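Remarks on the structure that follows.
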């Protein structure tokens, strides 16, 4: 709960006024008045110090936003609507200097003068800045283009999904961004060269995905006669909704065509020419252990991702233990549906039986979306049983766009615009319907939509009384831990009535448990890509295409996939601890309020919050 300090000061002042007006009051009353005056002064001082600190926190956040045009666009700010971010080494050095300066600015604050919520904000921002400074040494330990994300796919994704056009000025900003993509991609190539000189080159199989996705952007008008290209179609669709004359629309389209066929095309050709050259230097070593100081880098990555001090060995063992437990729960479902055979045979049945897969045509894809929406709508009707505070932003369900569906993940969430102009979106990747079994649909909808990421992320943006860096920041273990925990919550209130759907829930939890094993296997124990794929295929019912995509994701995003299960386990552990301590006083709605209404936090901070909730309600 966010405590209102202004109301506290007003109520104390009112009480003081009444006490002082009683001239015949006792000495005890007079002493009480003095004490109350001191309390008022203390509360006012704490309020003033906290307001000043929060103003500084917001100033530091907005200074960072103002240095990044892309981040501005994601936040609905259109100040630098014609620009991209700066990828240069000089800019990285400036960002380091800004972080060091910001740390000095906040460290002059007297933390003891702050209220509890502002002390937490100070703690989180100080840690964030210290880690940003410490991690500068690892800034090249990544693959800036890969099959999961990268500048090459960010350009069209941002223009299509975030760059709205409400007037001709914003249309020309769009065109300017298309032109400026050449400089951005030139900087990207330079960053790839820097990494290559250090021996940090993605495995060979990554290049096929990236080159294909980049070339897809140069297909169609105005590049050739194969229909409209992705951005050409998007731009014309957007300006068609403006109150422009035909001549004005044609002039804007002509400007875009010129930008696409000159600067934009040159930028992408420069990129995939260099990628083709770099591919010749690539090998098939998969783990971060191959990087300079790879072991130290990966250990640090695990700490940042999980917000714990768990070692790679400990995480690996937790994964093995969880896989064994979930397999046992799956065997219970096998018995319930009268399946005669081994768990591996049941996996084969679930992988291939046609009853669990919709047709790979438009009708099959639409059926999937319709049923996913129905699950989310049903869950909306149950939220009052589970939550006190709920987000105002709406949630839409969409299929992943054609230009990125081949390489995108099977499902993901896009947060709403802070100003309410754009809802949250649950994206389902329906490119390969064989990888989207109906028995996983229910859990997937809860994870990405409601009560999962939409409840947590949209609500975080709408919180009042906390600085912006907490509204828009994230900790993967917290947010993805909540997403996985959100697959369990519906089970506890009677959902997953179909045992196959409940198996799907367990299959998704199993998938996250396997991630602990495979991520540490690849990056710490030197497993190969083939070993990782084999582990998924032996221990889960998922399609082989899922296993391949997941292992390739592990390779290009070291540690990221460990967040889900570690985060979920911590939330469940804290909930069960609160239940044991509070007994009949435990309220699941209050517990969820504690977890959600302070924004994203590291897991150790979340534990402190829950313990505080227990102390206050015991």
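Tabulated values for the structure
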read-out: Sole exception among (1) in contact with a helix residue (DSSP H, G or I) (Cβ under 6 Å, 6 or more places away or on another chain); (2) farther than 19 Å from residue 284 by Cβ for residue 180, by number; value: (1)
read-out: Condition check for residue 201: touching a residue at least 12 places away in the same chain (Cβ under 8 Å), under 30 Å from residue 293 (Cα atoms) and part of a loop (DSSP other than H, G, I, E, B); value: yes
read-out: Residue in the stretch 521-540 that is out of contact with any helix residue (DSSP H, G or I) (no Cβ under 8 Å at 6 or more places or on another chain) and not in a loop (DSSP other than H, G, I, E, B) present; value: yes
read-out: Residue 334, sole failed condition from (1) within 20 Å of residue 445 (Cβ to Cβ); (2) surrounded by 12 or more Cβ atoms within 10 Å (Cβ to Cβ); (3) without any contact (Cβ under 8 Å) to a residue 24 or more places away in the chain; value: (1)
read-out: Hits in the stretch 543-594 - residues which are part of a loop (DSSP other than H, G, I, E, B) and assigned by TED's automatic domain parsing to the domain that holds residue 524; value: 543, 557, 558, 559
read-out: Matching residues in the stretch 350-363 - criterion: being surrounded by 15 or more Cβ atoms within 10 Å (Cβ to Cβ) and either outside any loop (DSSP other than H, G, I, E, B) or not assigned by TED's automatic domain parsing to the domain that holds residue 441 (or both); value: 350, 351, 356
read-out: Test: residue 185 is closer than 23 Å to residue 137 by Cα and part of a helix (DSSP H, G or I); value: no
read-out: Residues located in the stretch 488-497, provided they are in contact with a helix residue (DSSP H, G or I) (Cβ under 8 Å, 6 or more places away or on another chain) and on the phi < 0 side of the Ramachandran plot; value: 488, 489, 490, 491, 493, 495
read-out: Members of the stretch 439-482 found to be assigned to a helix (DSSP H, G or I), touching a strand residue (DSSP E or B) at 6+ places or on another chain (Cβ under 8 Å) and under 28 Å from residue 77 (Cα atoms), listed by number; value: 448, 453, 454, 457, 458
read-out: Condition check for residue 15: surrounded by 15 or more Cβ atoms within 10 Å (Cβ to Cβ), modelled with pLDDT of 95 or more and in contact with a helix residue (DSSP H, G or I) (Cβ under 7 Å, 6 or more places away or on another chain); value: no
read-out: 1 or more residues in the same structural domain as residue 565 (by TED's automatic domain parsing) and crowded, with 18+ Cβ neighbours inside 10 Å: qualifying helices (runs of 4 or more DSSP H) within the stretch 220-325; value: 294-306
read-out: Selection count, the stretch 372-395, where residues are surrounded by fewer than 16 Cβ atoms within 10 Å (Cβ to Cβ) and either under 18 Å from residue 501 (Cβ atoms) or free of Cβ contacts under 8 Å to residues at least 12 places away in the same chain (or both); value: 5
read-out: Residues of the stretch 396-415 satisfying the condition of being crowded, with 18+ Cβ neighbours inside 10 Å and in a loop (DSSP other than H, G, I, E, B); value: 400, 403, 404, 407, 408, 410, 415
read-out: Flag for residue 3 being more than 29 Å from residue 132 (Cβ to Cβ), touching a helix residue (DSSP H, G or I) at 6+ places or on another chain (Cβ under 8 Å) and either modelled with pLDDT under 50 or not assigned by TED's automatic domain parsing to the domain that holds residue 420 (or both); value: yes
read-out: Which numbered condition residue 418 misses (of (1) assigned to a helix (DSSP H, G or I); (2) crowded, with 18+ Cβ neighbours inside 10 Å; (3) modelled with pLDDT under 95); value: (1)
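The values are calculated or read from the model by the stated rules, or taken from the named source; none is laboratory data. Bear in mind the structure is a predicted one, so any value in this text is a computation, not a measurement. Glycine gets a Cβ as well: all are built from the backbone with ideal geometry, and neighbour counts include every protein chain shown.
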